[in-house]
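Comments concern the structure below.
Please treat every number below as a calculation from the coordinates, not as lab data. Because the structure is a prediction, the values reported are computed rather than measured. When we count neighbours, we look across all protein chains shown, and the Cβ atoms used for this are built from the backbone with ideal geometry, even at glycine.
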Amino acid sequence: VRDDEDVTIVDVTEDYGVLVLAGPFARHVLSTVTEQDLSNAAFPWLTGRKITLAAVNVIALRINYVGELGWELHVPMADLPFVYTAIWAAGEAYGIADFGVYALNSLRLEKGYKGWGADLTNEITMIEAQMERFIDWEKRDFLGRASTLQRKLDGIETELVYAEISPGDCDARGGEPVLSGSEVIGVTTSGGFGHATGKSLVFAYVPPAYSASNTVFDIEILGVRRRASVLAEPVWDPRNARLRG
């Protein structure tokens, strides 16, 4: 906090719940229960607004973890059942359905979204995770800047890659060894089947020499070696057209 700033921090963890409304008809459904202009011009991707939804004040963020047009809706906990019911009623004409964590994982893998606690941990930096594009090196006083920059200058020994596994009857889950010949060169961090694309997908940490697009290596899954190939971009909507829609 700078000398001319006055900041009060209030823990509201227990005060709000989150609903995610995502899919090609998300705008149609949400428009039924709010007067907020939800057009791209008024509410573009990666922005947030305070809106009134079914007579309840909520914080709406135009982001989600599934790679579709949609919103995160941060709703006062006491109003959560009411807002959920209102959205559900508005969405029935569009075939609305609940989805769970397994579906979420499949969708985020197809979008190439990394997951905290598996692909991203406090044991690695943004450099190893191939997320340097999110670092503003011109900002000179953020926590961790010096150590992250030093890691970049020293060079890294492992790097996160996104890959497709050859067809089989099971998928990577995380923790499987990555092999080149008889040598273990890395480890998977998460994986699963992408039902929209029909592909078995995985994230893994490997030496930088194996991180280029189309590089191949093997992953041992349930005792069977499967060939994997590094992907250059997400297998689903790599240009983010659906998110921007």
Surrounding net charge for Pro44, when Lys and Arg each add one and Asp and Glu each subtract one, Cβ distance under 13 Å: +3
15 Å beta-carbon shell around Arg133, net charge (K/R +1, D/E -1): -3
Aspartates and glutamates with Cα under 13 Å of Lys199, excluding same-chain neighbours fewer than 8 positions away: Glu110, Glu164, Asp169, Asp171
Contour minus Cα-Cα distance for Leu19 and Thr85 (0.36 nm per residue): 22.6 nm
For segment 70-109 and segment 178-209, distance of Cα centres in Å: 31
From the C-alpha gyration tensor of segment 16-98, square roots of 5λ in Å: 17, 15, 12
Efficiency of FRET between Trp116 and Leu46 - r from beta-carbon atoms, R0 30 angstrom, step 0.05: 0.95
Amide proton proximity set for Glu159, modelled H, under 5 Å, gap of 5+: Val206
Difference of contour (0.36 nm per residue) and Cα-Cα distance, Ser166 to Lys139: 5.5 nm
Under 5 Å, built H, 5+ apart or other chain: amide partners of Ile221: Arg226
For peptides 231-238, 103-110, sequence by mean Cβ density within 10 Å, most packed first: 103-110, 231-238
Principal-axis tilt of helix 145-154 within the chain, Cα atoms, nearest 10 degrees: 30
Label point distance in nm, Ile96-Glu123, each placed 7 Å from Cα along Cα→Cβ: 4.2
Projected label distance in nm at Asn240 and Ile9, using a 7 Å step from Cα toward the beta-carbon: 2.9
Approximate spin-label separation Arg225-Ala212, in nm, with each point projected 7 Å along Cα-to-Cβ: 2.2
Segment 114-230 - Rg over Rh from alpha carbon coordinates, Kirkwood radius: 1.02
Where the Cα pairs of the chain fall when distances are cut into 5 Å bins, in %: 1, 6, 11, 13, 14, 13, 13, 12, 9, 5, 2, 0, 0
